[in-house]
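Worksheet for the structure shown next.
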Amino acid sequence: MGGLDLSDRDVQAMLRVTARHGDDAGDDEVLPVQLLHDLRDLIACDHLAVSGQDTPRRTTFAGQLLADGQLPSDAPPEELFWAHYWESLPCSYPDRTGDLVSVTMASDFYSLRALHDTGMYVDYLGPFGVERELMVVLPSGPGRTLRLLFSRGLGPDFTERDRALLTLLRPHLQAAYVTAERRRLGRAPLTARQREILQYVAAGLTNDQIGRRLGVSPGTVRKHLENVFARLDVTSRTAAVARADLDDAGPAGGPIVTG
């Protein structure tokens, strides 16, 4: 990490994070709440939000929050978030670029003054008191991401040390998410390819048409669907689409900050 010096406290905090891979997550938790507390111990922030985002559908499928103090009771509606999503460079970066690996800061895209001039800040972020933000993105299927959003009010920005620590921890956070989903659903979650195929099935495509889209044989598509049926405990394409939509709903909650 370019000669980054880690303190003993950093190392111990990272070890606590990597020791928690979702086995102690509650049924209504996207990630174990203790893991989130450990992350906040590692990287100080006012709010740590977990937001599952389905960009094509302009919806959220999961939400979790650790916050200092009370959030505003008259918080802006989620519709304002989506209204400004694509024009907000930090929020739309993963979808615009396909980069789901980089850990980003709002200050990578805007100065504080420029941030204050954006529609996202004026209409959505301002009431939440968000001035600084750090974001980690985890893939969750075609068009879907789970975003960990560390936010602060006015004061010091996040640092390259914070970015480096989360870059190191990102594979462990992905493992924690997958494990928590497996426990919550009572089975292994669908893979990205299986979700993609189900989206084509939901659109009415045949196995031949799906195979041509993906560059694979119809037999490969059929095998993927057989595995989907087994994981979802269904016997038809229609039931698979319905069950996947039901299970993908996840805990309620919209995005609290950018991402």
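The values are calculated or read from the model by the stated rules, or taken from the named source; none is laboratory data. Because the structure is predicted, anything quoted here is derived from the model rather than measured. Cβ: placed from backbone, ideal geometry, glycine included. Neighbour counts: every protein chain shown. Surface areas here come from the heavy atoms of the whole protein model, side chains and all, with no ligands, DNA or RNA. Shrake-Rupley method; radii C 1.70, N 1.55, O 1.52, S 1.80 Å.
Only residues that are open to solvent by 20 Å² or more (accessible area, probe 1.4 Å), among the hydroxyl-bearing types (Ser, Thr, Tyr) and more than 27 Å from Leu169 (Cβ to Cβ) were counted across segment 105-154, and they come to 3. For segment 103-159, the set of residues classified as of a type in the set (Asp, Glu) and either at positive phi or touching a strand residue (DSSP E or B) at 6+ places or on another chain (Cβ under 6 Å) (or both) consists of Glu133, Asp157, listed by residue number.
Residues in segment 115-136 that are without any contact (Cβ under 8 Å) to a residue 60 or more places away in the chain and not in a helix (DSSP H, G or I): 5 in all.
If you go through segment 68-95 and keep only what is without any contact (Cβ under 8 Å) to a residue 24 or more places away in the chain and aliphatic (A, V, I, L, M), you end up with just Leu89.
Residue-by-condition table, conditions (1) open to solvent by less than 50 Å² (accessible area, probe 1.4 Å); (2) farther than 25 Å from Val178 by Cα; (3) among the charged types (D, E, K, R); (4) at pLDDT 90 or above:
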| position | (1), (2), (3), (4) |
| --- | --- |
| Gln209 | no, yes, no, yes |
| Gly215 | no, yes, no, yes |
| Ala240 | yes, no, no, no |
| Leu246 | no, no, no, no |
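The set of residues in segment 224-233 that are over 11 Å from Arg193 (Cβ atoms), part of a helix (DSSP H, G or I) and either among the hydroxyl-bearing types (Ser, Thr, Tyr) or open to solvent by 50 Å² or more (accessible area, probe 1.4 Å) (or both) comprises Glu226, Ala230, Arg231. If you check Leu42 against the conditions, is it open to solvent by less than 40 Å² (accessible area, probe 1.4 Å) and more than 16 Å from the chain's Cα centre (by Cα)? For Leu42, the condition - open to solvent by less than 40 Å² (accessible area, probe 1.4 Å) and more than 16 Å from the chain's Cα centre (by Cα) - is met. Could you go through segment 157-180 and let me know if any residue there is within 23 Å of Leu48 (Cα to Cα), in contact with a Lys or Arg (Cβ under 7 Å, 6 or more places away or on another chain) and either at pLDDT 90 or above or surrounded by fewer than 18 Cβ atoms within 10 Å (Cβ to Cβ) (or both). Looking for residues that are within 23 Å of Leu48 (Cα to Cα), in contact with a Lys or Arg (Cβ under 7 Å, 6 or more places away or on another chain) and either at pLDDT 90 or above or surrounded by fewer than 18 Cβ atoms within 10 Å (Cβ to Cβ) (or both), one finds at least one in segment 157-180, hence yes.
Listed by position, the helices (runs of 4 or more DSSP H) enclosed by segment 23-114 that each have at least 2 residues that are under 14 Å from Leu134 (Cα atoms) and at pLDDT 95 or above are 89-97.
Residue by residue, here is whether (1) within 12 Å of the chain's Cα centre (by Cα); (2) of a type in the set (Ser, Thr, Tyr); (3) surrounded by fewer than 18 Cβ atoms within 10 Å (Cβ to Cβ) holds:
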position	(1), (2), (3)
Pro32	no, no, no
Phe61	yes, no, no
Asp68	no, no, yes
Pro77	no, no, yes
Ala83	no, no, yes
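Kindly establish whether Thr167 is closer than 22 Å to Thr59 by Cα and more than 13 Å from the chain's Cα centre (by Cα). Here the answer is no, as Thr167 does not meet what is asked.
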